[in-house]
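Each value in this text was obtained by applying a stated rule to the coordinates, not by laboratory testing. Treat the numbers as computed from the prediction; the structure is a model and nothing was measured.
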Amino acid sequence: MEKISNKKSHEMISNKKSHVVKEKYFIIPKKTTTLPTRVTADVSSYGLGGCLEQQHTDKEHSKKWKPVYFAYRSLNETERRYAQIEKEALAI
């Protein structure tokens, strides 16, 4: 498997982010406790990211999770040495 540099990783994420933002993928969050809300997070050896989502019912009455906000960043040199479980906790 090809090792991806931090610079290339940032470029890939930025390209994906610009695509998501261009498509008006984000929703305006509803400030209500009746909608289920969740946080998803993922980490790699070099970075972490997370997404806040709310479940909405579309026109066909199917429930879909829609992103409200997402964030990502690279891990610093010290954080790269964390155990996997510690990295996942950091992402949340």
Any residue on another chain or 5+ positions along whose placed amide H is under 5 Å from the amide H of Gly47 is listed here as Leu75
P(r) over all Cα-Cα pairs of the stretch 35-92, 10 Å bins from 0 to the longest distance, whole percent per bin, short to long, reads 23, 39, 23, 13, 3
